[in-house]
1. Would you mind classifying the range A:295-410 by shape? Square roots of the alpha carbon gyration tensor eigenvalues, ordered a ≥ b ≥ c; an a/c under 1.5 is rounded, otherwise it is prolate if a/b is larger than b/c and oblate if not.
2. Say R0 is 60 Å: what FRET efficiency, to the nearest 0.05, do residue A:395 and residue B:83 get from their beta-carbon distance?
3. Students often forget the sequence filter, so: which lysines lie under 20 Å Cα-Cα from residue A:462 once same-chain residues fewer than 8 apart are removed?
4. Cβ under 11 Å from residue A:266's Cβ, residue A:266 left aside: what net charge do those residues give with Lys, Arg +1 and Asp, Glu -1?
5. Check residue A:80: other-chain or 5+ apart residues with amide H under 5 Å from its amide H, H built from backbone geometry?
6. About its Cα centre, what dipole magnitude does the range A:226-337 give when the only charges are +1 on Lys and Arg Cβ and -1 on Asp and Glu Cβ, stated in debye to the nearest 20?
7. What's the percent breakdown of Cα-Cα distances in the range A:394-634 across 10 Å bins, shortest bin first?
8. If you average the alpha carbon positions of the range A:265-316 and of the range A:383-436, how far apart do those two centres end up, in angstrom?
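No lab work stands behind these numbers, since they all come straight from the coordinates. All values derive from a computational prediction rather than experimental measurement. Quick reminder, even Gly has a Cβ in these numbers, built from the backbone with ideal geometry, and neighbours come from all protein chains shown.
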Amino acid sequence: MPEVSGQAGLSESFTGTADGVALPEVLQVCFVVELERFAWWGVADPAGALAEAGQPAGQETTLPLALPDRTERAVIATEVPAVLVAPEPAIAALSTWWPSSVAVGESLRVWSRIATAIRHDRAVEDLVRELPTAGHAALGLDGTTIWSARAAVEAARRSVAGGGAHVSAGSLQAMLRPYQRAGVAWLEAAAAHGGGVLADQMGLGKTVQGIAVLAARRAGPHLVVCPVSLLGNWARELARFAPEIEVVSYTGPDRGASLDTAMPGSVVLTSYGVVRGNAAALAETDWDVIVLDEAQQIKNPDALAARAARALHARLRVAMTGTPVENRLDELWSLMAFTNPGLLGSRARFRRRFAVAVEQRRSAAAAQRLHEIIGPHILRRLKSDVAPELPAKIEATVVCAMTGEQERLYRAGLDDAFRGGLGSGIQRRGRVLALLTRLKQICNHPELAQPTGVALGGRSGKLDRTAEMLAEIVDSGERALVFTQYRKTGELLADHLRDEVTGGVVPFLHGGLSASAREDLITRFQDDPDGPPILILSLRAAGFGLNLTRATHVVHYDRWWNPAVEDQASDRAHRIGQTHTVTIHTLLTERTLEEAIAELHAGKRHLAGIATGDTGVGQSDLTRLSDDQLRALLEPAVRGRR
Amino acid sequence: MSGEFGATAWGHDWLRLAEPTSITRPDPALPRARSLARGDRVRDLELTPGQVTAVVDDRGERRVRITVPTWDDAQVGRARVVLADQPAGADLPDTVHAALRDAGLPLAPDPATLTTTCGCTSRKDPCLHLLATYVELARRLDERPRHAVVLRGLTDSGTPRGTARVPLGLVDPATFYGPSRVR
């Protein structure tokens, strides 16, 4: 029989954690909401104490926890030794817990009764009130809050079969990761306070959490507002994760009628521009849930869209943004005036109350007091905190819509090329390649195909979306690589991103630079703490051997014919020495050759006579197609046909 | 009014204790008191019905305690009526401050009914640390006006309850392991 900590409380020796916070010296239990695991803690050797009590073993770990400090006047974040046990065996063990030689805390005694109630599907309401903080003290992934007793008990109940609220296999809930399920439950509970700001870092799945909320609340109608560049993405994700929901697109000139058909349970999908112009019409509907995606679009409280959003009525108001919002008071106020009206009071007054201490003097104490007011209503989790759950590399396809200008040019390009036929032989090969290049340039930006000198914004779906994504990445203090195969595209990106995102020179590494100039760019990006946050690279110039692990995001602005070349480029960031998750964003313009090529690569589409091997579909393969076959491949598909 | 402290009517009540308008010459210790508050050297400020305690870091820890009279049951009842229409939130508009005053509910601290103690040996009244605590309290009430009514006895009016996530600063260490401090 090993000496276990059941006796430790009697000894003089102090059992403490790394930062000197005292353990209670008796066994405690808490539920770790965002991990969906029970944690046994409270003593220096919880595994030994569990063994002595004859309880199921689990995974030994160091658990981030909130604990009273030595003075017992404040609760601080610390780490304690703990054993994690999956919900099912933990509930079974707790519900049959019998007093043993091991001293236990009140949290364990109450969880034992809760476990019994969950197993017999009985109400837990009164028990929730009895659960002491020790029973839900696991630090949230945001690092600044703990989940309430009610939230922890509900999450525990959800996580086991027979708990009355169990998610059925194959459902959207079942597809979510535990931290996402916690996010969804938090958003639903936020209705009691108006709503909340879901500020998870890019790549953690804000959209799918939002969709899960919409799917869980069948009452409807719901309203989703996003930038034009994301409308297609939302439609796809809704169809993929919640096919049962009817989606009404409230965009375009004939939108007026569609609002009348917004039935209970349906989702109306629209853009910030439409909200600006149709504030009154949208404010007439009693929405169940409103989701504002990329909510930094309303960060200026005086902007028309922000005013219009504040005037909308809904039972649950959700703002989603990947940009940190807490330290910019005007932006914070604007978002929270939408999600939690009244929480911060009037804007001028809010500034008077907090601006000097938080913005001018950067007082940590004042910032913390502000956080105590807003923290319950903002959920921000970082990839690094979720990391154990995330793979080293995340790949995301970002589907963008064509603008009107792009679609006109694209169709005209096809008409011109096919009017007289593409000919045959060497001549045909040249014409096909020229056509493909022109269409790809139009997808990148109309200015590349037909220079007009007009401002670049609002003319290319991919460019607008890229600027939005990079703004979020840069605001989060991360760095990104942007790959393109065209020199002109790279130059256009450098100009636009300088003007719209960084405010400083955005370097472009291409084949025309001297070896020393390239070396200098790489060193500044990789090693200089004040270096540029974005580096644009020509796909061909960025050959082997480059080490750019400072970047945690890779953006492929245009598609290459051979996926292996794209992978090679992505590996500049995702390689040995990279300690963070790398997110690979591949942009493609829907209803164009970019989408067709992606479908060929993914095996979702087949062409007679063309084999799609590891090297993908080559341009030379396309020159072998007949005119009709080629045109069918390149022609913009009717929306929704595929 | 500089606006840094006492920007709302709730906070201004306490700033006036440090800077009484009836006195033409400001207290020479005031700039130093402001500086202590500005530098976050008034810490561990705890506000409960009838009492404020704080620690001021000024060549050692100076423990300050201020007590104010709480409202009686009838007054608490009238206050609830005034506050009934207010949305849950941290802020309370200055109009509510005026409405409470009009309902015969004193919020402003009256030097005649206040008791104060400080761990320092200064004979000056108020001492530097008390002044600094007044200034800090003005800021805290600017930030959370509802604490002004908590101080007068409306205990359930402070922090909004029932959120699914709780910031660490709002977790009560006294009941962490259970109601009776049992572990």
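1. Oblate, since a/c reaches 1.5 and b/c is not below a/b.
2. Efficiency at R0 = 60 Å is approximately 0.70.
3. A:440, A:488
4. Working: positive: A:218; negative: A:244, A:246, A:288.
Residues near residue A:266 contribute -2 overall.
5. So residue A:80 has HN proximity to A:63, A:65.
6. On the way: 10 positive and 14 negative charges, 39 e Å.
Charge dipole, the range A:226-337, about its Cα centre: 180 debye, nearest 20.
7. 7, 31, 35, 20, 6, 0
8. Cα centres, the range A:265-316 to the range A:383-436: 32 Å.
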